Amino acid sequence: MSKTVLQVNHLKTYFTVDKRKNLFVRAVDDVSFSIDQGEIVALVGESGSGKSTIAYTIMGMYETSGGEIIFDGEDIANKKRTFDFKKKAQIVFQDPGSSLNSHQDVKEILSLPLKVHKVVKPSQLETKIIETLDRVGLSEDFMYKSPTAIGGGEKQLVSIARALCSNPEFIILDEPTSNLDVSIQAKIINMLLKLHEEQSLSYLFITHDLSLVRNISTKVIIMYLGKICEIANTEEFYGNPHHPYTQMLLSAIPVVSEEEEQLKPSRIRSTGEIPSPVNIPKGCSFNTRCHRAVPLCFEEDPEMIEVTKGHFVRCHLYGKCKPEL
Ligand code: SF4
């Protein structure tokens, strides 16, 4: 059995809006999932669903309001991230432009993690940098370039190279290709898959692109307004989507094969508006847009139900309002 690299239990990240009025945004609310060694777990949702907040909370950039983050067997939720954690867990951000220091060249950028984590002896530093650049498909000519002198795709490759420098076992990829041209996106995705294959890396891949997820992930998690709606392994997820929100998202994605077309739910149009995260409706948070809502959906928040082994859905239609067979 593979080792569990990350286990998130009932995680909460709340941001205060107005302390006196007790107003806050539940950006992440009671979220639980796990990632095994070698898994690529896709965290999918629209903007504002809380997926990046989960990433930043795991990395210790946001404080945890509740729950556990168990990494390598230890709960780190309310602890300062250790040197060992920073070596084993890395993050690649959506915008490489703002995450790379424009006053340093690529050699300096990559030298820092190699020195901090004492990955190689000082005499081997340059060789290691060339080797790491090569792993992401960049030539050694890039060593003396500034991030300001290279393209967006190349900047993202440098960010990935920097993440690889500490020999991590787990990498969070926060929409790593969403700002890039399609041709560069494919190149970066293929390179990430090759690295994953070679080193049995575990990825938490944050995206809103369900077409991409189908081809790269082992497990899919769907988020809506800070909560998980559905979790399943990728084959089960695409073959048997249950949650009305998942069905709505899947019905809107373009497919390339007859087989995929047959599995795709028929087109479901979103009706209502996405509620404000500070004013989430009573009951199920998706009730303003759900085409299958029943009266209980406006009264009670559904619980997560395991419908088949490893396939979890948070919807009354699979729990209290399950139709009789
Ligand atoms: Fe729709 Fe009700 Fe299920 Fe929420 S609980 S997804 S509103 S049917």
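From the phi of every residue in region 191-204, what ³J(HN,Hα) in whole Hz does the Karplus formula 6.51 cos²θ - 1.76 cosθ + 1.60 yield, where θ is phi - 60° and glycine or proline is x?
5, 5, 5, 5, 4, 4, 4, 5, 10, 6, 5, 9, 10, 9
Cα axis of helix 152-164 to longest principal axis of the chain: angle in degrees, 0 to 90, nearest 10?
Between the helix axis and the principal axis of the chain, the angle is about 80 degrees.
Which net charge results for the neighbourhood of LYS86, defined as the other residues with beta-carbon distances under 15 angstrom from its beta-carbon, given Lys and Arg at +1 and Asp and Glu at -1?
Working: positive: LYS79, LYS80, ARG81, LYS87, LYS88, LYS115, LYS118, ARG162; negative: ASP72, GLU74, ASP84, GLU169.
Once all neighbours under 15 Å are counted, the net charge is +4.
Starting from the coordinates of the alpha-carbon atoms of region 27-125, obtain the Kirkwood hydrodynamic radius over all distinct pairs and give the value in Å to one decimal.
Values: mean 1/r = 0.0627 Å⁻¹.
Every distinct Cα pair counted, the radius reaches 15.9 Å.
At 10 °C and a viscosity of 1.306 mPa s, what translational diffusion coefficient does Stokes-Einstein give for the chain, taking Rh as the Kirkwood radius over Cα pairs? Give it in µm²/s as a whole number. If you can, show how the numbers build up before the last one.
Numbers: Rh = 21.1 Å.
So the translational diffusion coefficient is about 75 µm²/s.
If I ignore ligands, DNA and RNA and count only protein heavy atoms, how much of ILE130 is accessible to a 1.4 Å probe, in Å² to the nearest 10?
Rounded to the nearest 10, the figure is 50 Å².
Given contacts defined as C-alpha pairs under 8 Å and at least six residues apart, what's the relative contact order of region 101-151, whole-number percent? Could you put the intermediate results ahead of the total?
Working: 37 pairs, mean separation 27.3, N = 51.
Worked out over region 101-151, it gives 54 percent.
Given the convex hull of the Cα atoms of region 161-227, what is a quarter of its surface area in nm²? Could you put the intermediate results ahead of the total?
Values: hull surface 21.0 nm².
Averaged projected area of region 161-227's Cα convex hull equals 5.2 nm².
What's the local net charge at GLY310, with K and R +1, D and E -1, over the other residues with C-beta under 9 Å away?
Numbers: positive: LYS219, LYS309; negative: GLU236, GLU306.
Overall, the nearby charge balance is 0.
For the chain, what does the accessible surface come to per residue with a 1.4 Å probe? Please give it in Å².
50 Å²
Expressed in nm to one decimal, what extension gain is obtained for the pair HIS208 and ASN279 from 0.36 nm per residue of sequence separation less their Cα-Cα distance?
Working: separation 71, 0.36 × 71 = 25.56 nm, distance 2.31 nm.
Length gained, HIS208 through ASN279: 23.3 nm.
So which aspartates and glutamates can LYS219 reach, going by Cα to Cα under 13 Å and dropping same-chain residues fewer than 8 places off?
Partners within reach: ASP36, GLU39, GLU230, GLU235, GLU236.
Return the FRET efficiency for the residue pair SER2, SER47: r is the Cβ-Cβ distance, R0 is 30 Å, and the value is rounded to the nearest 0.05. Let's see the in-between values first.
Values: r = 32 Å, r/R0 = 1.07.
The value I calculate is 0.40.
Determine the relative contact order of the chain: mean sequence separation of Cα pairs under 8 Å and six or more apart, normalised by residue count, in whole percent.
On the way: 590 pairs, mean separation 61.1, N = 325.
Answer for the chain is 19 percent.
For SER123 and LYS79, compute 0.36 nm times the residue count separating them, minus their Cα-Cα distance, and round to one decimal in nm. The partial results should precede the final answer.
On the way: separation 44, 0.36 × 44 = 15.84 nm, distance 3.50 nm.
Full-extension gain reported as 12.3 nm.
Quick one: order PHE142, PHE298 from most to least accessible surface, probe 1.4 Å. Don't skip to the answer; put the middle values down first.
Values: PHE142 25, PHE298 95 Å².
Most to least solvent-accessible, the answer reads PHE298, PHE142.
With angles folded into 0 to 90 degrees, how steeply does helix 125-135 sit against the dominant principal axis of the chain? Use alpha carbons for both and round to 10.
Approximately 40 degrees, to the nearest 10.
How much net charge surrounds SER159 when only other residues with a Cβ under 11 Å from its Cβ are counted (Lys, Arg +1; Asp, Glu -1)? Before the final figure, lay out each step's value.
Values: positive: LYS155, ARG162; negative: ASP95, GLU154, ASP174.
It works out to a net charge of -1.
Which trypsin sites (Lys or Arg not before Pro) in region 69-139 pass both tests, a DSSP loop state and at most 16 other beta-carbon atoms within 10 Å? Provide the component values of the computation, followed by the final result.
Working: sites: LYS79, LYS80, ARG81, LYS86, LYS87, LYS88, LYS107, LYS115, LYS118, LYS128, ARG135; in loops: LYS79, LYS80, ARG81, LYS118.
For trypsin sites (Lys or Arg not before Pro) across region 69-139 that sit outside H, G, I, E and B with at most 16 neighbouring Cβ atoms in 10 Å, the list reads LYS79, LYS80, ARG81, LYS118.
Report in % the part of the accessible area of region 12-123 that belongs to carbon and sulfur, leaving out ligands and nucleic acids; probe 1.4 Å. Could you put the intermediate results ahead of the total?
Details: 2830 of 5890 Å².
Ligands and nucleic acids excluded, carbon and sulfur reach 48 percent.
Round to a whole angstrom and tell me the spacing of the C-alpha centers of region 308-325 and region 9-62.
24 Å
Taking square-rooted eigenvalues a ≥ b ≥ c of the alpha carbon gyration tensor, is region 34-83 rounded, prolate or oblate, where a/c under 1.5 means rounded and, failing that, a/b exceeding b/c means prolate?
Values: a/c = 2.18, a/b = 1.20, b/c = 1.81.
Oblate, since a/c reaches 1.5 and b/c is not below a/b.
Taking all protein chains together and a probe of 1.4 Å, list ARG162, ARG26, ARG314, ARG267 from the most accessible to the least accessible.
Details: ARG162 60, ARG26 105, ARG314 20, ARG267 145 Å².
Output order, biggest surface exposure first: ARG267, ARG26, ARG162, ARG314.
Go ahead and set up a Gaussian network model of the chain, Cα springs under 10 Å, then flag whichever of ASN22, ASN179, ASN287 fluctuates most.
The residue that fluctuates most here is ASN22.
Going by alpha carbons, how many degrees (0 to 90, nearest 10) lie between the helix axis of 106-116 and the longest principal axis of the chain?
That helix lies at roughly 80 degrees to the long axis.
The values are calculated or read from the model by the stated rules, or taken from the named source; none is laboratory data. Remember, predicted model here, so these are calculated numbers, not experimental data. Virtual Cβ from ideal backbone geometry, glycine too; neighbours counted across all protein chains shown. Accessible surface is based on the protein model in full, side chains and every heavy atom, while ligands, DNA and RNA are left aside. Shrake-Rupley method; radii C 1.70, N 1.55, O 1.52, S 1.80 Å.
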